Amino acid sequence: ELVASTHLSVVQRPSMGQALLVRLAAVGLLVPIHAMLWALARLETTSNNILTRACNLLFCLQSACWGILWLAPLGTFAYVRMCVDHELTEPSEAAKLKLHIALGVHLVVSAAGVFFLLFAPAKKADRLFRLTPVPLHLRIVRYLFWSCILAVKFLLALWIFLAIWNATKSLQFINVGRESPEDILSLWRNSNWSANFYEWLMLWLTAWWLFISDTAMWFQVGCMFLGVGIVFVQRGCRCFQFAFEDALQKIPVRMSQLVFPYSQMMRGKEISEYFPSLWDRVVAYMRYEDKCESDGMGEMSFARGHGAGLTWEKLSLTRKPLEATRDISTMPDLFVETTVPEVCFRNYFGWSRSLANADLKWRLYALSRGLGLPIPRPYRAPYIPGITVMIPHYGETIIMSKGELFDRGSSEQSRRSHVQVGRMCKVPVREMVPLIDWLKARYVDEYRAFTHRMEARGMHIGGVPWEEMEDHHWDKICVWASMRMQTLWRTVAGICLYHPALQVHYDTQKISSSCLAQADIWNPADCFTCLVSMQIYNSFDKAKLSQTNKMFNKFPESLKVAYIDHEDLYPRSDDAASARRREEAEQQASLDHVHPRQARRYWSCLIDKKCPLQPDLRRTPRYRIELPGFPILGDGKSDNQNHAIPFMRGAFCQCIDSNQGAYFEQMLLLPCVLGEFRTRSRGESQAKRIIGLPEHITSDLGSVGD
């Protein structure tokens, strides 16, 4: 029934209504609460400037209309309560019909408010850029995806709210909605009633908070199922083939057909003539990075040589370019065709001891699985679009130092049974070890490969105590440790592999008829730039400056560094020379229209390996662009990247942090990745704007996630 208990006065009736439909109508009061929270969130995210810029007569009228729509449930619910009171005092068919109409209007108004809040929350003034056009089938998939997510969320929420409701009845908590205003006013000072109310309130607030916050959890669960489904759809739903195929054995054919389709193929085979020498170069990089020993390198290579004495210079494609092979007699053991039981035993029970490195297996599996997916047609050299990789840097470690890896004091303390920390605390020995000992134990096979590679070059490191190692030994060890820690060196070393990867594409499948493909004209640095935005380069000490110069000396000319420089306009000294410089600075500042209250002038500077080296180990900047003021105004990382934007080259940009690694075999796919932006026709509106790539993230203590 809609009404009941006609003998009760207004203050004696339940605050949320006595009849069931009236209590359900009270749910519509969530619309103005949701609208208020949405308005506060919009004000926080868009700031006052956007709202002020969009504030005009039309904006005010639209805001007033939205406010009326959101506040309308309050008015309609109040009108419903008035109709209930009228029905109680003067019962009639007309009053009952009037109440039904009021409930219907309240339902329509509340539904309209919910619809616009959920499906049309954005305003035109809030859009900073035009939305990317999406095909109709993708839009349908997105709506179905969110419909499923919200359906599961609300079904679970209904079950949770029913459980909370039953719990409140079992615990005999009060129900404020069922309490009359008279009871609330008379009992709110009672300690038992107040404690009961707070328990009831905290129970429902906890359930409501979980209901709001679990959207991200269901989104991640939905993305997991959607991602698994996409993987199988991309592979044609061939589950058996996905689980048991020998993807490693198909690397030569798939890489030749998908990544190097324009290169010359071997007679009678679907393998590129350059693949043997290319794969040997990939394995050489793995050996140089100490992912395998020399015997493992021999098992994976076409040329049965060894990796003894392998250096960075020997990996250079300019000194030793790729050579074409007309025919191959034998394939490496990795590419020999195997049966399903052999594949299962290798994949799920273990590899040979020489290829047991976990990172090595991950790289090979990632490459083989990636080549089994649909890959865009690659660009051909020299017509490869330009790309700049932006790496922000502030105070992160560039290269690990000897003091960070090995502290003589901690080594001496580790010989004791316990180490005194403070007055009352003793720490066991096992917690006081140098970092280099932890790295050696964590990457025991890679350290063994590193020592063998150094011994082949005449540098004996294995078995020598840390205290007895010389400085040139520590130079190599610091670089080895930096490649396994969260350092800028690791990130730059990986990203700069784009440079030789582009050279590989030039050697194997260039357009020889193009004048830009001439050997004296082509340069991978014209297509690729690794731009490190070192905000405080000008404040580096000699150690960090020498480490930065070491990066310039080792890595190709694609590496460039942008930093912020400044000069004081008004020297503080009182001597005559300072006064003269001050006067000249004031005149120059007046000519450049610098604000009188600006005490410093800021520049965004660019340096590379060709810039002259100064006596203080800094380099003379190649370009200096004056900034309108101090550029770090908001988020430090984004502003650190923004000031370096004038030095970016190319049509595409990749932004990464200083916690990522990269591998040569993955860099070979760069022209294919850029093919994702290719459209069917010039100027097509549905071209991709942003694409995401999986990352192999590392922390201060090594690899923590994929």
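List of remarks:
- A straight Cα-to-Cα reach below 22 Å connects K361 with the lysines K250, K291, K440, residues fewer than 8 places away in its own chain not being considered.
- Size of charge dipole - segment 222-300 - debye, nearest 20, with Cβ of Lys, Arg +1 and Asp, Glu -1, no other charges: 440 debye
- Within segment 248-291: backbone nitrogen closer than 12 Å to the R326 label point (7 Å, Cα to C-beta): 267
- Cross-link partners of K269 among aspartates and glutamates, defined as those whose alpha carbon lies under 17 angstrom from its own and excluding same-chain residues fewer than eight positions apart: D327, E337.
- Carbon + sulfur, % of accessible area of segment 525-658 - ligands and nucleic acids excluded, 1.4 Å: 50 percent
- Looking at segment 160-219, the accessible area is 71 square angstrom per residue; that uses a 1.4 Å probe and ignores ligands, DNA and RNA.
- Additional length obtainable on full extension of the chain from F154 to R622, 0.36 nm per residue less Cα span: 162.5 nm
- Taking amide H positions as modeled 1.01 Å from N, with prolines and chain starts lacking one, the residues under 5 Å from Y623 and 5 or more places away or on another chain are L606.
- Distant-in-sequence amide H partners of C653 (H built 1.01 Å from N, under 5 Å): T388
- Sequence-distant residues sharing a close amide H with A303 (under 5 Å, placed H): none
The values are calculated or read from the model by the stated rules, or taken from the named source; none is laboratory data. Given the structure is predicted, the values throughout are model-derived calculations rather than measurements. Neighbour counts are summed over all protein chains in view; Cβ atoms, including those assigned to glycine, are modelled from backbone coordinates with ideal geometry. To get the accessible areas, we keep the full protein, side chains included, count just its heavy atoms, and leave off ligands, DNA and RNA. Shrake-Rupley method; radii C 1.70, N 1.55, O 1.52, S 1.80 Å.
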